[in-house]
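The values are calculated or read from the model by the stated rules, or taken from the named source; none is laboratory data. Here the structure is a predicted model, which means the values were calculated and not measured. Quick reminder, even Gly has a Cβ in these numbers, built from the backbone with ideal geometry, and neighbours come from all protein chains shown. Please note that ligands, DNA and RNA were not included when accessible areas were found on the heavy atoms of the full protein model with its side chains. Shrake-Rupley method; radii C 1.70, N 1.55, O 1.52, S 1.80 Å.
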Amino acid sequence: MMSTAPLRANPHELPNPAKRDFLTSALRVNQAGELAATLIYKGQTPPIVSSHPHLRPLMKHMYDQEASHFSTFNALMAKHRIRPTAMYPLWTLAASALGWGTAIMGREAAMACTEAVETEIGGHYNGQVRVLLEMAEQMEKNGEDIGPELKQLISTIRRIRDEELEHLDHAVVNDAKQAVPHELLTGVIRAGCRGAIWISERV
Ligand SMILES: [Fe+2]
Ligand SMILES: [Fe+2]
């Protein structure tokens, strides 16, 4: 297994090496996830909008938010000189295929895809926020300065998490649960997301 690349940030900007490793892997997996999200919507939009023109504003709204999440993590990765996941090309293919494939199955399947993905991603971001809050609390206890970067990161991830959960609500309102077969489809996509998260945190 490949080791995580060293983070050559200003040592005063980020806490000790274990914390830095966590932040490196967190930003890497988040960038990969947001890349995938933009590609899923990019793949879904043409078939969905051509058969259901009223969904154009919703698809655009969700895509635009994903594009903004992606550029947020791209900027953080560049700033801290973190390399992307080695799986970047594979996730690019897989996410495009997932978006296009679910949209071809129909509106409900496309929405079930969003429901599944955002359920996993919402949980993933919640987990990160928990760890970052514990980190900040520990630093405070040790009399260390938390600094603006960590505070900013926590509030950024919270905002993005809320937007992902908003996408989940949109998907359910737009009949994600009517997809056939709903349990199988969301189960497979959720398992795929968990696998992709697990791998992207490591390579
Ligand atoms: Fe996102
Ligand atoms: Fe999303």
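Once you have the alpha carbon radius of gyration of the range 106-164, what is it after dividing by 2.2 N^0.38 Å, with N set to its residue count? Here the Cα radius of gyration is 1.50 times the empirical estimate.
Stokes-Einstein D for the chain at 20 °C, 1.002 mPa s, Kirkwood Rh over Cα pairs, in µm²/s? Translational D for this selection: 122 µm²/s.
For the range 110-195, the solvent-accessible area works out to 50 Å² per residue, with a probe of 1.4 Å and every protein chain left in place. In percent, rounded to a whole number, the relative contact order of the chain is 32, using alpha-carbon pairs under 8 Å and six or more apart.
Note on residue 19: lysines with a C-alpha under 26 Å away, same-chain residues under 8 apart excluded, are 79, 141, 151.
If I take all pairs of Cα atoms in the range 58-160, what percentage of them are more than 21 Å from each other? So the pairs more than 21 Å apart make up 49 percent of the total in the range 58-160. Computed over protein heavy atoms with a 1.4 angstrom probe, the accessible surface ordering of 188, 49, largest first, is 188, 49.
Can you tell me the accessible area per residue over the range 51-91, all protein chains present, probe 1.4 angstrom, in square angstrom?
54
Each Lys and Arg adds +1 at its Cβ and each Asp and Glu adds -1 at its Cβ; summed about the Cα centre, the chain shows a dipole of about 580 debye.
Rounded to the nearest 10 degrees, the angle from helix 56-79 to the longest Cα principal axis of the chain is 20 degrees.
So, with a 1.4 angstrom probe, what is the percent of accessible area on the chain that is carbon and sulfur? Carbon-and-sulfur percentage of accessible area, whole number: 61. Reducing the range 125-140 and the range 47-102 to their Cα centroids gives an inter-centroid distance of 26 Å.
For the chain, the longest principal axis of the Cα atoms and the long axis of helix 182-202 meet at an angle of about 30 degrees. Of the residues 71, 50, 25, the one that moves most in a GNM of the chain with alpha-carbon contacts below 10 Å is 50. Dipole of the chain computed with +1 at Lys/Arg Cβ and -1 at Asp/Glu Cβ about the Cα centre; of 38, 139, 87, farthest Cα towards the positive end is 87.
Taking 142, 16, 126 as the candidate residues, the one with maximal mean-square fluctuation in a Gaussian network model of the chain, Cα springs under 10 Å, is 142. Among the GluC sites (Glu not before Pro) found in the range 89-160, those both in a DSSP coil and sparsely packed, with 13 or fewer other Cβ atoms within 10 Å of their Cβ, are 144.
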